[in-house]
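Just below is one structure, and these are the notes that go with it.
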Amino acid sequence: MLLTFNKASMIHLRWQLLFVVIFLSRVGVSQKIKRSDELTLRNLENHIHYLADDKLEGRRTGTKGEELAMNYISDQFKQIGLRPKGTEGFYQAFDIKEGKQINDGTHFIINDKELKLNDDYFPFVYSPNVNIEALPAIALQESGMPWFINLKDAIEENVNDSHFDLNAYIHQQTIDFKTKGATALIFYNTSSKDDQLKFDGKDKEDITGIPVVYVTKPAAKIFFKDLSASLDIKLKIDIGEKKRTGHNVIGYIDNGSLNTAVIGAHFDHLGYGEDGNSMLRTGEHLIYNGADDNASGTAALIELARLLKNSKLNKSNYLFIAFSGEELGLFGSKYFVENPTISLSNINYMINMDMVGRLNDSTKVLIIGGYGTSPEWSSLITTKSKKPAFVIKIDSSGTGPSDHTSFYNKNIPVLFFFTGIHADYHKPTDDYDKINFTGELSIVNYIYSLIEKENKEDHKLVFEKTRDTQTNTSARFSVTLGIMPDYTFAGTGVRVDGVSDGRPAQKAGLQIGDIILQLGNYNVTSLENYMEALGKFKKGDTTVVKFKRGNENKEAPVEF
């Protein structure tokens, strides 16, 4: 899943939109496997069996499991005879910024007793890195000293106000009290209400200039019971960047052509569900093997590389990319199109395979997205053949929650192959034994036949902009602004990476590159609180969106 805009929500929407056109396609394989297909079938089984094994621990980006997977893929590329086309052999490294973390140097000592991080206290993420010593009185708010602030009144006064945001309140209090002379703020809560405060490394509020600390209820009872007391405080805050490194795996067939076809699939998955993108809410520490999502697409990628390397289809070059970081928000594909290892101007089209391993034997539905991104797809995606195998559902949109979106945003024709959502999606039960291998074989053969047809045409496809997907995050959100967010944006706010036609964002005049800073009364510092802000509105509501365009702050009315 993309952390926020997942495949499940996309398909739920797609099935209900009238623009889905159904084609019956009579292509595929017969009940008996042809001898020429036996090797492909056996290889698909072997690839998925390895990639979805427990020893890879869910192939989470930046982990040992990802490393084992990328080594396996690069070894397959070598055996096939592909040329390395990464930045370091077959590999292309990229950083994923995960926000901030509390570094080991942080400590808080009161009256010579050191408090335990997280159990007794934590600093807010917008605190500067400082080292202070002071002897403040709890009850006094003296200029040039730390101040103690009890949240009890604010919490109890706003207990019935669904719009009250305690974190925003604390941040605003910090700004106000700094101007009045506070050198640090120490918040605590003696009310009976649970404030649910915790360190949020993804909060992108600007650094406040003074340290801000929260002391938990048990610690506050010990240290703040005598409000007339003065406390000997030694506080050091050390907050740093939290990031990990992912890797794309890239191989190349150079046929000396001016044009190159990109064939891609993401190979990362959810690990143990640490990133909050699991559909299982029990909190169990289980491995998410991701056999269908997306060991199946990766296996298809490897086999298409083998088939094309051994073919006579030489009127195009072929670039094979196994992306990582897709489940976190298309990080790998976004990084590639911004740092390509071949010229983007030479890319003819991009084919993306994501969850192609669960072709239903009864419905036989294969979904092909991106149909509208080139007028020439209609002549290449045929609806007639001798042997029935698929019911092809065509979606014209070039965007969606998978890696083809990154290429579509660079004006490259795309196709997206997908066999649909199932009960095991983003759960530990997405395992090897549930893959329809003969169904996947038929899809690999179909994609190969499509590439073969395009090879005969021997010219560059024309790109067309299409209707964009209505992005929505979950059934609990009744409105959408109609943007594709830039998941890789590390600054404050939400950067717009795409604007859907006819949606509120377009009507309000938002453009690609704008940074959304506020929706109504709700500050937008990250994708997470952007989603929270959306959840406050319903259809028909009007508000104001504040955003930054270049160096200029702007605002515009929005109607949902």
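The values are calculated or read from the model by the stated rules, or taken from the named source; none is laboratory data. This structure is a prediction, so every number in the text was calculated from the model and none was measured. Here the Cβ is made from the backbone with ideal geometry for all residues, glycine too, and neighbour counts use every protein chain on show. Keep in mind that these areas ignore ligands, DNA and RNA; they rest on the heavy atoms of the full protein, side chains included. Shrake-Rupley method; radii C 1.70, N 1.55, O 1.52, S 1.80 Å.
Tabulated values for the structure
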{"item": "Distance violations [Cα-Cα > 20 Å] among LYS193/LYS221; LYS116/LYS152; LYS34/LYS78", "result": "LYS116/LYS152; LYS34/LYS78"}
{"item": "Environment charge at LYS334 (Cβ cut-off 11 Å; Lys +1, Arg +1, Asp -1, Glu -1)", "result": "-4"}
{"item": "Backbone HN-Hα couplings from phi across region 390-397 [Karplus 6.51/-1.76/1.60, Hz, Gly and Pro as x]", "result": "10, 9, 8, 9, 9, 10, 6, 4"}
{"item": "Calculated [θ] (222 nm, deg cm²/dmol) that DSSP helices of n ≥ 4 give over the chain, each run adding -39,500 (n - 2.57)", "result": "-7000 deg cm²/dmol"}
{"item": "Average accessible area per residue (Å²) across the chain - probe 1.4 Å, nucleic acids and ligands excluded", "result": "43"}
{"item": "Cβ-derived FRET efficiency at R0 30 Å, GLU67 paired with LEU117, nearest 0.05", "result": "0.50"}
{"item": "Nonlocal amide H pairs with ASP514, under 5 Å, H built at 1.01 Å", "result": "VAL496"}
{"item": "Rounded tilt (10° steps) of 35-51 against the dominant C-alpha axis of the chain", "result": "10"}
{"item": "Local net charge near GLU241, Cβ-Cβ under 9 Å (Lys/Arg +1, Asp/Glu -1)", "result": "+3"}
{"item": "Cross-link pairs LYS309/LYS393; LYS178/LYS202; LYS85/LYS312; LYS55/LYS364 - those with Cα-Cα distance over 27 Å", "result": "LYS309/LYS393; LYS55/LYS364"}
{"item": "Long-range amide H partners of VAL125 with built H, under 5 Å", "result": "ASP200"}
{"item": "Loop trypsin sites (Lys or Arg not before Pro), region 284-391 (other Cβ atoms within 10 Å of the site Cβ: 15 or fewer; DSSP)", "result": "LYS312, LYS384, LYS386"}
{"item": "Degrees separating the helix 437-457 axis from the principal Cα axis of the chain, which is the longest one", "result": "70"}
